[in-house]
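Down below is the structure, laid out as C-alpha cells.
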Amino acid sequence: MTVATASLNYFRMSPRKVRVVAKLIKNLPVERAEKELLFRNKKAAKTILKLLKSAVSNAKNKGYDEKTLYIKNIIVNEGPKHLKRYYPKARGRVGLIIKKMSHIKIELDTQHPKANS
C-alpha cells in the first residue's frame, strides 16, 4: 500500500536520462534520497528532488512522519514526441530531431522492506 504519490507529466527530458537518476534513489529512505539528489550533478536530479518533496508534503498532510517514509517505487515513462525539429544535411536533405518528454511518478511507503526481516 502506498502512503503518498506525486507525479510530473511532460518533463522535457529524455526518459533514458531521467531513469539514470531515478534508479539511484529507489528503495532509499526519504532523507537519504534527498541528500543523494542534492549533490548529484544531473539536470534531472533537481526536478526529481522537487517532486520528492511534493510527495513528502502529501504524506505529511495525511499525518505520516517524514522519518519513517521510504521511496517504494519511482516510475519514468515516455511521454509524447510531438516536438519535432529539423536540421539541414548534405544535398538538400533534412535531418530529424525528436524532442522527447518524460512522465515521472513517485510512490512513498512507511515501512522499509529490509526493516521487516
Considering only residues that are under 25 Å from Arg12 (Cβ atoms) and among the β-branched types (Val, Ile, Thr), which ones fall in the stretch 67-91? Ile71, Ile74, Ile75, Val76
Taking the stretch 1-26 as the region of interest, how many residues are exposed (fewer than 15 other Cβ atoms within 10 Å of the Cβ) and more than 19 Å from Ser102 (Cα to Cα)? 2
The lone exception for Val3 - which of (1) within 12 Å of the chain's Cα centre (by Cα); (2) among the β-branched types (Val, Ile, Thr); (3) at pLDDT below 95 it fails: (1)
What number goes with the only condition from (1) at pLDDT below 95; (2) closer than 16 Å to Lys17 by Cα that Thr47 does not pass? (1)
In the stretch 62-86, which residues are of a type in the set (Lys, Arg) and buried (at least 17 other Cβ atoms within 10 Å of the Cβ)? Lys72
Single condition Thr2 does not satisfy, out of (1) more than 10 Å from Ile71 (Cα to Cα); (2) in contact (Cβ under 8 Å) with a residue 12 or more places away in the chain: (1)
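The values are calculated or read from the model by the stated rules, or taken from the named source; none is laboratory data. Computed from a prediction, not measured in an experiment: that's the story for all the values here. Cβ atoms come from the backbone with ideal geometry, glycine included; neighbour counts cover every protein chain shown.
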